[in-house]
Amino acid sequence: MTPDVSRRPLIVGNWKLWGTRAQAADYCERLSVQADWSADLGVCPPFTALDVCVERLGGSGVAVYAQNMHQESTGAFTGEVSAEMLTELGVDGAVLGHSERRQYNCETDRALQDKVPAALDAGLEPILCVGESEEERERDETQRRLRSQVQEALEKVSDERLPEVVIAYEPIWAIGTGKVATPEIAQDAIAFIRALVGDRSRDAAQAVRILYGGSVKPDNAAEILAQPDVDGALVGGASLDPKGFAEIVAAAAP
Ligand code: PEP
């Protein structure tokens with residue numbers, strides 16, 4: 001089969017702990033009036049505002065992602081939300097393994113190994129986040145960390161389905177710090193991740209979209225997004241302003 005090597009850019013805004021239902025409705029309205037999009041784009045509101053975004057953005061082409069999802073469909077897991085609960089709302093995908101969830105909520109690579117296929121089986125697009133800490137980078141352990149995260153999280157995904165996973169390379173030292181990775185660092189790490197996927201399937205490596213995340217802003221987006229292996233961005237803080245977010249999307253124009 002000929003692989004799809006077009007890799008349309010994808011820009012996703014992670015709202016983190018922001019967005020009442022009223023704020024979400026206002027955001028969607030302001031986002032919808034922005035220019036036509038040269039990239040795929042999506043937003044990740046909190047669970048409580050997912051349906052607001054699905055309803056307001058329906059038909060606009062803007063995808064709606066949850067910020068987390070549990071791997072089981074039912075059971076004694078207080079406070080958790082399943083894939084089916086998300087698809088019932090019309091949600092398109094889920095961010096999985098964000099470093100803040102790894103740090104504060106004990107998210108593990110082992111759990112991600114079940115979360116990623118559970119999302120795919122339910123028809124959700126998983127955005128799998130990986131990335132090294134500052135200490136790991138200083139100790140020259142970036143590749144070791146990325147290898148274990150990528151290999152473990154994708155272990156139960158078949159080669160054929162690998163291109164349906166979006167991977168976000170998010171160095172922890174760059175998230176919310178204003179310390180963006182240089183275009184070279186982003187390119188090197190993402191090319192390395194692509195090669196890891198290539199160890200499983202060459203076609204999948206060509207087709208899988210790999211995003212960069214970490215302090216992306218309207219004024220630094222273009223040079224990062226211009227890197228050959230960078231297929232888009234996962235944007236936190238700067239995505240909360242719909243105008244700035246639209247500028248980042250515009251920077252992804254091929
Ligand atoms: C994120 O939350 O995934 C992120 C990249 O945050 P920020 O853009 O604020 O660094």
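Key figures
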{"item": "The chain, helix-only ellipticity at 222 nm - DSSP H runs n ≥ 4, -39,500 (n - 2.57), divided by all residues, nearest 500", "result": "-11500 deg cm²/dmol"}
{"item": "Summed side-chain charge close to Gly75 - residues other than Gly75 whose Cβ falls under 13 Å, Lys, Arg +1, Asp, Glu -1", "result": "-4"}
{"item": "Protection-proxy order for peptides 16-26, 61-71, 216-226, each taking the mean of Cβ atoms within 10 Å per residue, highest first", "result": "61-71, 216-226, 16-26"}
{"item": "For the stretch 41-139: relative contact order, % (alpha-carbon pairs under 8 angstrom, 6 or more apart)", "result": "26 percent"}
{"item": "Rg/Rg_globular for the stretch 37-92, with Rg_globular taken as 2.2 N^0.38 Å and Rg from C-alpha atoms", "result": "1.21"}
{"item": "Under 13 Å, Cβ to Cβ, from Glu132 - net charge with Lys/Arg +1 and Asp/Glu -1", "result": "-2"}
{"item": "Computed over the stretch 1-124, Cα set: Rg, Dmax in Å", "result": "15.2, 46"}
{"item": "Choice from Ala168, Ala207, Ala76 showing the highest fluctuation, given a GNM over the chain with Cα pairs closer than 10 Å", "result": "Ala76"}
{"item": "Cα-derived Rg over Rh, computed across the stretch 181-223 with Rh taken as Kirkwood radius", "result": "1.06"}
{"item": "Cα-based Rg and Dmax for the stretch 104-254, where Dmax is the largest Cα-Cα distance (Å)", "result": "14.9, 40"}
{"item": "Spacing of the two label points (7 Å from each Cα toward its C-beta) at Glu155 and Ser73, in nm", "result": "2.4 nm"}
{"item": "Net charge of Cβ neighbours under 12 Å - reference Arg21; Lys, Arg +1; Asp, Glu -1", "result": "-2"}
{"item": "More than 22 Å apart - percent of Cα-Cα pairs taken over the chain", "result": "51 percent"}
{"item": "Label-point separation, Ala195 to Gln103 (7 Å along Cα→Cβ), nm", "result": "2.8 nm"}
{"item": "For the stretch 112-167, alpha-carbon Rg and Dmax in angstrom", "result": "12.6, 39"}
{"item": "Per-residue ³J(HN,Hα) for the stretch 131-146, Karplus 6.51 cos²θ - 1.76 cosθ + 1.60, θ = phi - 60°, Hz, x for Gly and Pro", "result": "x, 9, 7, 4, 5, 5, 5, 4, 8, 6, 10, 4, 5, 4, 5, 5"}
{"item": "Against the rule of thumb 2.2 N^0.38 Å, how large the Cα Rg of the stretch 205-254 comes out", "result": "1.08"}
{"item": "Hull shadow area, averaged, the stretch 72-137 [alpha-carbon convex hull, nm²]", "result": "5.0 nm²"}
{"item": "Relative contact order [Cα under 8 Å, 6+ residues apart], the chain, whole percent", "result": "22 percent"}
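Quick note: the coordinates plus some simple rules give every number you see, no bench work behind them. Here the structure is a predicted model, which is why all the values come from computation and not from measurement. As a convention, Cβ positions derive from the backbone with ideal geometry for all residues, glycine included, and neighbour counts pool all protein chains shown.
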